[in-house]
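The structure appears below as structure tokens.
The values are calculated or read from the model by the stated rules, or taken from the named source; none is laboratory data. These figures come from a predicted structure and were not determined experimentally. With ideal geometry, Cβ positions are generated from the backbone for all residues, glycine too; neighbour counts draw on all protein chains shown. Note: accessible area is taken over every heavy atom of the protein model, side chains too, but ligands, DNA and RNA are not part of it. Shrake-Rupley method; radii C 1.70, N 1.55, O 1.52, S 1.80 Å.
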Amino acid sequence: MTDFAYKPTLTGDLMILRPVDESDYEALAAAMDDPDVARLTGSHGEIGEEQARTWYRTRKDQTDRLDLAIVDKASGAVVGEAVLNDWDPDNQCCNFRILIGPSGQGRGLGTEATRLIVGYGIEQLGLHRISLGVYAFNPRAQRAYEKAGFVVEGVFRDALLWDGEWVDEIMMSVLASEWIPSEV
């Protein structure tokens, strides 16, 4: 088991995952400014530009997380990010999250990015378990996670208050023993 100090570039058929940096700010800010993306990620409020630029600039120095930009091979544009975070080295597990802006949606980029980063976490870093949460109003994402090997574990009821309505969060995970490397 190693830490997340090494920041790989992972290449798929449709996209490339590469270390995120400050130059990705504009593309990622545009993705996060999309109202549908904000809803699907449950993001309340805004992050200031200076704070966000500092955040992206310092990702390469983090040894407890892996932040990768999703680059669409067809256009060369950054369309989102894929992240392994909340690392627990004692239990060999972490959390996964992904964000894809409108220009990268509906073309399989999210499924491929998920498979690549999860495969890296299990096969290269030796993680035993990778978990995530997806809001009940995002069945498209849940299907993509299931395609990548994630299994529903349970539900956090009324976990998000969005536009005055409570929304459940579906908890999912994939275990190393369930991972099928040929899917990567």
Check your understanding: Per the helix-only calculation at 222 nm, which mean residue ellipticity applies to the chain, given -39500 (n - 2.57) for every DSSP H run of n ≥ 4 and division by its residues, nearest 500 deg cm²/dmol?
Key -> -7000 deg cm²/dmol
Review point. If you stretched the chain out fully between His128 and Ala30, how much longer would it get, using 0.36 nm times the residue separation minus the C-alpha to C-alpha distance?
Key: 31.9 nm
Study note, to complete from the structure: Counting only DSSP loop positions in the range 92-184, the trypsin sites (Lys or Arg not before Pro) whose Cβ has at most 16 other Cβ atoms within 10 Å are Arg107
Study note, to complete from the structure: With label points set 7 Å from each Cα along the Cα-to-Cβ direction at Val151 and Glu178, the distance between them in nm comes to 0.4 nm
Practice item. Starting from the Cα-Cα distance between Ala136 and Thr63, subtract it from 0.36 nm times their residue separation and give me the gain in nm to one decimal. Key: 23.1 nm
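Set the Förster radius R0 to 22 Å, insert the Cβ-Cβ distance between Lys73 and Asp21 as r into 1/(1 + (r/R0)^6), and round the FRET efficiency to 0.05.
0.70
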Check your understanding: In whole percent, how big is the carbon plus sulfur part of the accessible area of the chain, probe 1.4 Å, protein atoms only?
Key -> 48 percent
Review point. Once both labels are modelled 7 Å past Cα along the beta-carbon direction, what's the Asp168-Ala5 spacing in nm?
Key: 4.4 nm
Exercise for review: Working from the alpha-carbon coordinates of the range 1-136, get Rg over Rh, Rh being the Kirkwood radius.
Suggested key: 0.94
Point to revise | lysines with Cα under 23 Å of Lys60, excluding same-chain neighbours fewer than 8 positions away | key: Lys7, Lys73
Exercise for review: For Asp13, Asp72, Asp168, write out the residues from largest to smallest accessible area, computed with a 1.4 angstrom probe and no ligands counted.
Suggested key: Asp13, Asp168, Asp72
